1. Please work out if residue 162 is under 16 Å from the mean Cα position of the chain (by Cα), surrounded by fewer than 19 Cβ atoms within 10 Å (Cβ to Cβ) and among the polar types (S, T, N, Q).
2. Right, residue 94: surrounded by 15 or more Cβ atoms within 10 Å (Cβ to Cβ) and in a helix (DSSP H, G or I) or not?
3. Which pairs have Cβ atoms under 7 Å, sit 6 or more apart or on different chains, and link a residue in segment 33-62 that is in contact (Cβ under 8 Å) with a residue 12 or more places away in the chain and among the aliphatic types (A, V, I, L, M) to one that is in a loop (DSSP other than H, G, I, E, B) and surrounded by fewer than 21 Cβ atoms within 10 Å (Cβ to Cβ)?
4. Here is a list of conditions, (1) in contact (Cβ under 8 Å) with a residue 12 or more places away in the chain; (2) over 22 Å from residue 52 (Cα atoms); (3) in contact with a helix residue (DSSP H, G or I) (Cβ under 9 Å, 6 or more places away or on another chain); (4) not hydroxyl-bearing (Ser, Thr, Tyr), and residue 157 meets all of them except one; can you say which number that is?
5. Does residue 15 satisfy being small (Gly, Ala, Ser), modelled with pLDDT under 95, outside any helix (DSSP H, G or I) and exposed (fewer than 10 other Cβ atoms within 10 Å of the Cβ)?
6. Looking at (1) surrounded by 14 or more Cβ atoms within 10 Å (Cβ to Cβ); (2) on the phi < 0 side of the Ramachandran plot; (3) not polar (S, T, N, Q), which one does residue 118 not meet, given that it meets all the others?
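The values are calculated or read from the model by the stated rules, or taken from the named source; none is laboratory data. Quick caveat: nothing in here was measured; it's all calculated off a predicted structure. Counting neighbours? That spans all protein chains shown, and the Cβs are built from the backbone with ideal geometry, glycine included.
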Amino acid sequence: MRRVSCLLVLTLLCALVAPAFAATPQVGDAAPTFRLQDQHGHWHAPADFHGHWLVLYFYPKDFTPGCTTEVCTFRDDIAKLRKAGAEVAGISLDDVKSHAGFAAKYHVPFPLLADADRSVATEYGVLTEHLGMHYAKRTTFLIDPQGKIAKVYVDVDPEKNSAQVMNDLAALKAAG
């Protein structure tokens, strides 16, 4: 009986202490709304991109190798993405100051949004924790001009994500 009581108490404590991780939005769902600041201190919300495709990608941390590769790949492809009717925005848990340095160093021509309170990563189901450190899982959402999730990319390869998005964007536009 004592073991059962201890197990019950431990389970309840874990439930209270564990962060509230949400489910990842799926294709066809409305993209969760938010309002975040970019590297310049400007505020952005999904509604700002209404009428355009939005590549919303979450990444773990500014200045890390995979995240640098990913931001530079999107930077290098930004003209092609915009020509296809898409805008790009990156989100991590880093603050505005960190994003400002990261964007300046790598000449990032699109918003890097600061989700320092983890609310947007939680809403999109990408908040994770490892060894006590919280970060956003590398996940990309392709959001259609009406604000619906058109494609979700999980376990993203930072080198290939931009090309995947461009291929899928072309296919979705041709089909629709």
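1. No.
2. On the way: surrounded by 15 or more Cβ atoms within 10 Å (Cβ to Cβ): yes; in a helix (DSSP H, G or I): no.
The answer is no for residue 94.
3. Pairs found: 45/33; 45/34; 45/35.
4. For residue 157, the failing item is (1).
5. When the stated conditions are applied, residue 15 does not pass them.
6. Only one criterion is unmet by residue 118, namely (2).
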